[in-house]
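J.: Before I ask anything, let me first share the structure, which is written out below as structure tokens.
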Amino acid sequence: MQQLSPLRARLASFEHAYAVATRLRRQTGRDQFVVRTGDPLQPVRITETPPVASGDLMARVL
């Protein structure tokens, strides 16, 4: 598999997803979930819906 560019690696990181989730929580007032996707191009994502598989949950921003 091809290595991610430094920019994509930073944007697709848990740290970046958590920062975005924190901003979304502040703006919307709704809980945000950072979940593992299993996709190497987008390894984590943010959602307002709790994941079905608890093992996919990386963080919950209250």
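Read-outs: derived from the displayed coordinates by stated rules, not from any lab. Please read these numbers as outputs of a predicted model, since none were measured by experiment.
J.: Give me the extension gain from Q27 to A9: residue separation times 0.36 nm, minus the current Cα-Cα distance, reported in nm with one decimal.
T.: 3.9 nm
J.: Quick one: Cα convex hull volume of the chain, Å³ per residue?
T.: Normalising the Cα hull of the chain by residue number yields 73 Å³.
J.: Expressed as a rounded percentage, what relative contact order does the chain have, with Cα pairs under 8 Å and six or more residues apart?
T.: Contact order relative to length: 32 percent.
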